[in-house]
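The values are calculated or read from the model by the stated rules, or taken from the named source; none is laboratory data. Because the structure is predicted, anything quoted here is derived from the model rather than measured. Here the Cβ is made from the backbone with ideal geometry for all residues, glycine too, and neighbour counts use every protein chain on show.
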Amino acid sequence: MGKSSKLFKDEKIGKLLLRFSIPIIIAFLISELYSMVDTVFVGNYVGPLGIGALVLVFPVQRIMYAIIILISTGSSTTFSRELGREELKKSKKIINNGFTFTLALMIILTLVVYLLKEKILLSLGSSPDILPYAMEYLGSIVFGSIFLSLTIYISNIMMSLGNNKMSIISNSIGAIINIVLDYILVGIFSMGVRGAGIATSISQLIGFSYAFYKFVLVAKENNLKLEFELDKRIIIPIITIGLSTFVVEAEDGILMAVLNNLLANTAGDKGIVALGVVSKIYMFMYITMFGIASAMQPIAAYNIGARNYTRIKSVMKNTTLYAFLTSVVLWVFMIVFAPQLISIFVKDKDLIIVSVKAFRIMISVFPIISIYYVSIYYFQAMGRAKTSLMICVLRQIIIMIPLSLILVKGFNMGAMGVWLSYPIADILSSITSYMLIRNEGMELGIIIENQVQQKLA
């Protein structure tokens, strides 16, 4: 455990963020490729109804993924903080409790979703035409969630131990296998959406197998032994700390469920398909800022435990700057090449035109949202769960969902109301986040000044 301690304490902030963010970004990129590859193969071999099925299943996948992120982020952040305090015994218990909780909860959720899949999909606005496809896809993909959850959990703990390569390799293995199996099951054997779901589940199982093998080796090196245990005194802080990250991920699923229903009543299946295609590309744009913010979290958490506030302030400034600059570069690329990117998924010219217009409106102010997501991860690392949670619900739950309902139903703007809700919500939530981060910087400055005076006294 000494390796991570030395890095988080002494390494230059810029170099440290680069060192940890790149593997995370690659891991996020590869993770998104799972659904991206499924969408490409389904779009080309099944057609728009197949893509519609994947769109309807997405909220379920996202909420389950959010639960995974809740436990893994909460565990790794708590783990890093205890390492900073040199509480090694408690650190080990955190790992065991987080793993046990992840496994138990995901098994239960998987069974519930599988048994209730038809009712769930109907409640999400499925049309009679899309429903059979959606049931096939959800029924075949849901069991892979168990293996995905454990892989993500292990990856987060490994990063806290200073190992930032394992997640890249395990996700790469899974992604490559998914591509091969999609080609075989969907392209050659014409198994449609069911084949895409099976391909994803098998690839997630294999990715987990590698991750678990590497974790066992690293655990031995750090005198760790994985055991099944559940202690509410440890589980509750994990949930509390990870709650804001859960909301970030879950609200994507909630938002998509609301928007699917709005579009189903105004633009029909074509509107749902357009939203699905655009969303797949839209998700990729968040990868860099999520990666940089995630890399910041264990660094900040460790230094909070060590009471190194000067370093914490430096971490906050560098993270915000890097997240913004990378977002600008990605934003320009996406604006310019939007038609080419969307045509990968669909061939219908009218659908491409609609999707490109929607996409460019949705991302029109994208770079400014970087400070919003950095602030969520920062306050989470600081242990200020309420502040982090407040920011989380602001953009999509408090602003975007009510706004889209007003624009679509109140002003009869149809699909355009959905597209416009994105930049408006981005502006309002970013302004709020900036004010909170600025105040936080001022407070840290006061704490640092007091520390200096105490040393001089």
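Cβ separations smaller than 8 Å between residues 6+ apart or across chains give no pair from segment 294-308 residues that are touching a residue at least 40 places away in the same chain (Cβ under 8 Å) and more than 16 Å from Leu18 (Cβ to Cβ) to residues that are polar (S, T, N, Q) and outside any helix (DSSP H, G or I). Inclusion of Ile152 among residues that are over 16 Å from Gly52 (Cβ atoms), of a type in the set (A, V, I, L, M) and part of a helix (DSSP H, G or I) is warranted. Asp129 fails exactly one of the following numbered conditions: (1) assigned to a helix (DSSP H, G or I); (2) surrounded by fewer than 24 Cβ atoms within 10 Å (Cβ to Cβ). What is the number of that condition? Only one criterion in (1) assigned to a helix (DSSP H, G or I); (2) surrounded by fewer than 24 Cβ atoms within 10 Å (Cβ to Cβ) is unmet by Asp129, namely (1).
Elements of the type helices (runs of 4 or more DSSP H) sitting completely within segment 1-117 and holding at least 3 residues that are small (Gly, Ala, Ser) and in contact (Cβ under 8 Å) with a residue 12 or more places away in the chain: these cover 13-45, 48-84, 88-115. In the set Gly98, Gly84, Gly43, only one residue is of a type in the set (Gly, Ala, Ser) and farther than 26 Å from Val247 by Cβ; that residue is Gly43. Surrounded by fewer than 21 Cβ atoms within 10 Å (Cβ to Cβ), at pLDDT below 85 and in contact with a Leu (Cβ under 8 Å, 6 or more places away or on another chain) - does that describe any residue in segment 155-169? Within segment 155-169, one or more residues are surrounded by fewer than 21 Cβ atoms within 10 Å (Cβ to Cβ), at pLDDT below 85 and in contact with a Leu (Cβ under 8 Å, 6 or more places away or on another chain). Residue count for segment 255-307, restricted to those that are in a helix (DSSP H, G or I) and under 19 Å from Gly50 (Cβ atoms): 19. Of the candidates Lys280, Lys313, the single residue that is of a type outside the set (A, V, I, L, M, F, W, C) and more than 30 Å from Ile120 (Cα to Cα) is Lys313. The numbered conditions (1) more than 30 Å from Ile352 (Cβ to Cβ); (2) at pLDDT below 90 are all true for Asn260 except (1).
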